[in-house]
Each structure stands twice: as structure tokens, then as C-alpha cells.
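Visitor: Provided herewith is a single structure, encoded as C-alpha cells, for subsequent inquiry.
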Amino acid sequence: MISYQVHRFGARLARVVQETPRPDGSQVLLRVQAAGVCHTDIHTWQGWYDMGGGKRLTMGDRGVGLPLTLGHEVAGQVAAVGPQAAGAAVGRRCLVYPWIGCGECKVCRRGAEQLCPAPRFLGIFRAGGYSDHVLVPHPRYLIDIGDMPAAQAAPYACSGLTAYSALRKFDPAVLREERVVIFGAGGLGLMAATLLPALDGVGAVVVEPDAARREAALAAGACEVIDPAAPDFMARVRNAAGGSVWAVLDCVGSAQTVQSALDLLTKGGQFVQIGLFGGQIALPTPLLPIRALSYHGSYVGSLEELHALMALVRDRALPPVPTTCRCLAEADAALDDLEHGRVVGRVILQPERPGPEG
């Protein structure tokens, strides 16, 4: 088995060749056909989040250990199954739900494994998809993808699920009547713009500094795109949203985007943040109740939501976000390109010894 692993935070990934694992108990061995490259991979590879004011949240603080194989957006084909892995037939093509919890606490029993206090996420706390094989602990974490290309399916495990779960947190009546302002047109923002019409949303106004990404947002269905560098951009955003901004989805999560979002919202508005860029803001606490604002942090999504998302993708034949496929050996270069803003859509890594899909 060939994997690309973090052996030291911030250093180049190490190419590791080891014996391909054999699944035991309820485990399923998946032959990886596609692994998406996500901003969370950058944070995990670098080893920290920017908390603002010179403070950092390290991956060690979160319980991440090394060596680690990155990659939580994984699609592929079942190669082998453990003796208790009922229903996981060899050859089955699947998307993996990576946000795996302990499976025993009350949070997991409520169906919110992504919020488990003892997480076991693929690609963060256990080996992920920057490899030609990955072990999945139970068949329940596999979602059939049928004949959908693995490179199209993989991003739904994180960018798709995160955008879907966040949009579902807005008042449905607001989605039907008001344009949602989306900060950022990376993988998350493009997913959100694509999903919004399928959730009966009236449309999206996308704020994005990069011209190529603004064009991608229009292609994904955005009603209007606005460059935040424009001197009148706040007024333009309000005008594009219909005069008042009722809903903002922040796919960036910087101090600048969060502050702009809160400044834009009208009384009673909703703000949902999914971006993790980093920083901090000064928030006058009386304004939250006086303006009746809702500030909601949304973290990925549940297994139930991923099933619902994939059903929506199939039933509504949603167009995929733009993807660029690269060889797994180019994982370092893919991370570097994403970190420095040279990616439109999603980069997909494919193994050096590809499965039947090639």
C-alpha cells in the first residue's frame, strides 16, 4: 500500500510503502479511486489554526498524532471486508462518511458523530485517503454512488456536506424569499451556490476577490458576484441582496469576512460560519439581542445529512463543482496550490496504482 503521510507538521509529505491492511471484524478495506484536497488538510498538515492575536490552536491540542495519512474526502471500491462487515460486498462503489465518532457516547447515539468529544475522523485522527487503500471501521459509513465518477463523488463528503448542513440551518422561508450572501467561492462556496437552488433557495450573491473564482461562481448559479476590493462593496452587496441582507454564509472565516457579515445583516438576520481561515473580532455583546442576530458555527454534517445530500444530488441531477485530477504523488504540490489560492473548485488526488476507474 502506498500512502503519503505527515511525519512532521509543515514538512513535505513522506511516501510510505507498507503492507496493505486486512480488514478485521466490521472493517471494510476500500481501494481509493479519488481523494479530495481540502483546506482542513492544510491546517492538519501545518499543525495549527490561527486563533487571532498571535494565538494558535495546535493539532496536538486537538489530539492529532503523527504519522498521519491525510484525506477525508474519499470515494472508491470495496476491496475486502471483515467477517462482521455485513452488506459490504466486494466491488461496491462508495463514498466514505469520514466524520466518525466513538459510536458509544450520547452525542453519537443522537446521530451527531461529527460532534463526538472523542472523534476518530478519517484523515485527521486515523489514516485517510491520501493512499491507494483506506480502512473504514464499519459498512454504515459507506454510501453507494452507483455509476457516479469517484472524482465527482469525493468532494461531497466534506465540502458538499458542510455546505448542505450549513444551508439547512437557515430559516427555509428566508431561503425561499431572500438571496443568501456567500463569502468565498472556493470548494465550499461553489458547493453552496450549486446546492442552494435544490434547497428552494431564491439565489446567491457571492463575494470573492479572485476573478476566476467569480466566474466559477456565476457558472455554479450565483445571481451576482462582487469583488470585496471594490470601494462600495458593502452597498453593492446590500443592493444585490434586495436592499436588506437576511442570510450570510461565510465560507472563509477570516476576521474581515466575519466582521463584514455581521455589519451587513439586517435586524433578525442569520449568520452561519463554516470557514476556518482564522483570526478574531471584537463583538459588542448587546448588539446580538438588540439586533436579534443569529451567529451559528456549523461543523461538517451528520451521516444522515450525507445520505440526504447524495439522494438530492441524484434526484436533482446537480452539476458537479469544477475538479482537477492529479496523481497522488503530487499531493504536496496540490496542498501548496490550494494554500496559495491557485485552485478553482476542487483538486482530486488519484492513486499511483488506480482501480478500474483509472
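Visitor: What whole-number distance in Å separates the alpha-carbon centres of the stretch 1-46 and the stretch 240-268?
Guide: Comparing the Cα centres of the stretch 1-46 and the stretch 240-268, I get a distance of 36 Å.
Visitor: Can I ask one more? How high is the FRET efficiency from Phe9 to Ala282, r the C-beta distance, R0 41 Å, rounded to 0.05?
Guide: 0.85
Visitor: Per DSSP H run of n ≥ 4, the term is -39500 (n - 2.57); total these for the chain, divide by its residue number, and report the mean residue ellipticity at 222 nm rounded to 500 deg cm²/dmol.
Guide: One gets -7000 deg cm²/dmol as the mean residue ellipticity at 222 nm.
Visitor: OK, next. Between Tyr295 and Leu218, with labels modelled 7 Å along Cα→Cβ, what's the label distance in nm to one decimal, could you check?
Guide: Placing both labels 7 Å along Cα→Cβ, they lie 3.5 nm apart.
Visitor: Same structure again: Using only the heavy atoms of the protein chains and a 1.4 Å probe, how would His296, His72, His340 rank by accessible area, largest first?
Guide: The most accessible residue leads, giving His340, His296, His72.
Visitor: Kindly report, to the nearest 10 Å², the accessible surface of Arg92 as traced by a 1.4 Å probe over protein heavy atoms only.
Guide: In the full protein context, Arg92 sits at about 50 Å².
Visitor: Let me ask something else. For the chain, what's the relative contact order in percent, using C-alpha pairs closer than 8 Å and at least 6 residues apart?
Guide: Averaging sequence separation for qualifying contacts and normalising by length gives 20 percent for the chain.
Visitor: Under a 10 Å cutoff between Cα atoms, tell me which one of Gly341, Gly301, Gly101 has the largest fluctuation in the Gaussian network model of the chain.
Guide: Taking springs between Cα atoms under 10 Å, the residue moving most is Gly341.
Visitor: While we're on this one: Using the basic label-point model (7 angstrom from Cα toward the beta carbon), what is the Arg176 to Asp332 distance in nanometres?
Guide: That separation, rounded to one decimal, is 5.4 nm.
Visitor: Viscosity 0.890 mPa s, temperature 25 °C: what is the translational diffusion coefficient of the chain from Stokes-Einstein with a Kirkwood Rh over Cα pairs, rounded to a whole number of µm²/s?
Guide: Estimated via Stokes-Einstein, D reaches 118 µm²/s.
Visitor: At q = 0.20 Å⁻¹, what is the log10 ratio I(q)/I(0) for the stretch 220-358, with the Debye formula run over Cα points and no solvent?
Guide: -1.36
Visitor: Would you mind working out the magnitude of the charge dipole of the stretch 161-297 relative to its Cα centre, with +1 at each Lys and Arg C-beta and -1 at each Asp and Glu C-beta, to the nearest 20 Debye?
Guide: 280 debye
Visitor: When the label point is put 7 Å from the Cα of Thr324 along its Cα-to-beta-carbon vector, which residues of the stretch 212-246 have a backbone N closer than 19 Å?
Guide: The answer is 212-220.
Visitor: Where the only charges are on Cβ atoms (+1 Lys, Arg; -1 Asp, Glu), what is the dipole of the chain about its Cα centre, to the nearest 20 debye?
Guide: Result for the chain is approximately 640 debye, rounded to the nearest 20.
Visitor: For the stretch 161-297, what does the accessible surface come to per residue with a 1.4 Å probe? Please give it in Å².
Guide: Accessible area per residue: 41 Å².
Visitor: I've got another one for you. Quick one: how many Å² of Phe121 are accessible to a 1.4 Å probe, rounded to 10?
Guide: For Phe121, solvent-accessible area is about 0 Å².
Visitor: Something else now. Hey, any idea what Rg/Rh is for the stretch 161-297, computing Rh the Kirkwood way over Cα pairs?
Guide: Expressed as Rg/Rh, it is 0.93.
Visitor: In what order, largest first, do Arg346, Arg176, Arg62, Arg120 sit by accessible area if the probe radius is 1.4 Å?
Guide: Arg176, Arg120, Arg62, Arg346
Visitor: Would you be so kind as to identify all helices of the chain, as entire DSSP H runs, whose Cα atoms reach 18 Å or more along the helix's own axis and whose mean Kyte-Doolittle hydropathy is at least -1.0?
Guide: The answer, listed by residue number, is 303-316.
Visitor: For Lys267, go through the aspartates and glutamates and keep the ones whose alpha-carbon is under 19 Å away, minus same-chain ones fewer than eight residues off.
Guide: Leaving aside aspartates and glutamates fewer than 8 places away in the same chain, those within reach of Lys267 are Asp171, Glu177, Glu178, Asp250.
Visitor: When only the heavy atoms of the protein chains count and the probe is 1.4 Å, how do Leu188, Leu195 rank by accessible area, highest first?
Guide: Leu188, Leu195
The values are calculated or read from the model by the stated rules, or taken from the named source; none is laboratory data. As the structure is a computational prediction, the values presented were derived from the model and not from experiment. Because the Cβ atoms are built from the backbone with ideal geometry, glycine has one as well, and the counts that use them run over all protein chains shown. Each accessible area value is taken on the protein alone, full model and side chains, heavy atoms only, with ligands, DNA and RNA left out. Shrake-Rupley method; radii C 1.70, N 1.55, O 1.52, S 1.80 Å.
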